[in-house]
1. Against the condition more than 24 Å from Trp255 (Cβ to Cβ), crowded, with 16+ Cβ neighbours inside 10 Å, small (Gly, Ala, Ser) and touching a residue at least 24 places away in the same chain (Cβ under 8 Å), how does Gly132 come out, does it pass?
2. Restricting to region 137-188, count the residues that are charged (D, E, K, R) and part of a loop (DSSP other than H, G, I, E, B).
3. Say whether the condition of being under 30 Å from Glu55 (Cα atoms), at pLDDT 95 or above and crowded, with 17+ Cβ neighbours inside 10 Å is met by at least one residue in region 184-203.
4. Can you report the number of residues in region 189-202 which are in a loop (DSSP other than H, G, I, E, B) and closer than 25 Å to Phe234 by Cβ?
5. So, in region 115-129, of the ones that are out of contact with any Asp or Glu (no Cβ under 9 Å at 6 or more places or on another chain) and either outside any loop (DSSP other than H, G, I, E, B) or of a type in the set (Val, Ile, Thr) (or both), which residue ends up nearest to Asn214 (Cα to Cα)?
6. Right, His218: part of a strand (DSSP E or B) and not β-branched (Val, Ile, Thr) or not?
7. Restricting attention to helices (runs of 4 or more DSSP H) lying wholly within region 11-114, give those where 1 or more residues are buried (at least 16 other Cβ atoms within 10 Å of the Cβ) and touching a His at 6+ places or on another chain (Cβ under 7 Å).
Amino acid sequence: MVLHGGGGAGITVADPGTHPLSVFRQVTDTAKCILVYPEGSLDVQSNPGWNDCREDDDSGSQGDDMTFLTQLNARLAGELGLTAAKMFLTGTSNGALMTLTYSFQQPQTIRAIGISAGNLPLNPEPGLCTTGSSLPLPVLITYGTSDPAMPAAGGCVANLGGACNRGRVVLQTATINYWLQRNGLTGVTPQSTTFDINTNDAGNVEKRVYAGANPLVHYVLYNAGHTVPSRYVFSATTPATGAQNRDIEFAVEVWQFFTGFL
């Protein structure tokens, strides 16, 4: 399952050539697997989004998206005859935070996750968002170091207007450290490689692999912003998004990561 960002829509990000998440269609066609683009509940502006674990997200969706995704995952598994070992979840921005929310509450129903531009909430809702599962789960994370919407140093999400009404998140490094601890990787030295395939984009990429039974792969997208990284689907630079990294294809990297657990 691929989760769109806030204000997006399942059908929009699935439109070939218009959004980097649409590349999952080519990837999964080749791999002969099932791809689903769910759509979240409406936010206060009547745009699709996800009611993730941010307690202070005053403008976000208020629907029971967690129940929706849990039931959808169960239905897909049942109809297709699949176990949790064959179910994967990925998303960007608000969809990344919803993927993290799912990982707190239903990790036993999926095998691994991949997120783009999603920090953990600074002020999580009470209950499972705060005291959720500690079950290890393989995770791939891409972060732009100059993301204006999901700031690397933590703080207000998508705060162009200055109202901070979309909640606050922790540092990117704090999110990475959470997963290192959850997956038993705090003592692991990452294997690091750096590359710069497209020298005309914002900057190069450092790939850090923390190896283990439940690994963490962290792509540091230097000088890049909020947009999903892609080599084939270009997104223009704006004050709200920053510059796009064009050295990696998010869909390809995520799928290659997932296939390591099939």
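1. Taking the combined requirement at face value, the residue satisfies it.
2. So the count comes out to 1.
3. Scanning region 184-203, I find at least one residue that is under 30 Å from Glu55 (Cα atoms), at pLDDT 95 or above and crowded, with 17+ Cβ neighbours inside 10 Å, so the answer is yes.
4. 7
5. Ile115
6. Answer is yes for this residue.
7. 94-105
The values are calculated or read from the model by the stated rules, or taken from the named source; none is laboratory data. The structure presented is a predicted model; accordingly, all values stated were derived computationally and were not measured. Positions of Cβ are generated from backbone atoms using ideal geometry, with glycine treated the same way; all protein chains shown enter the neighbour counts.
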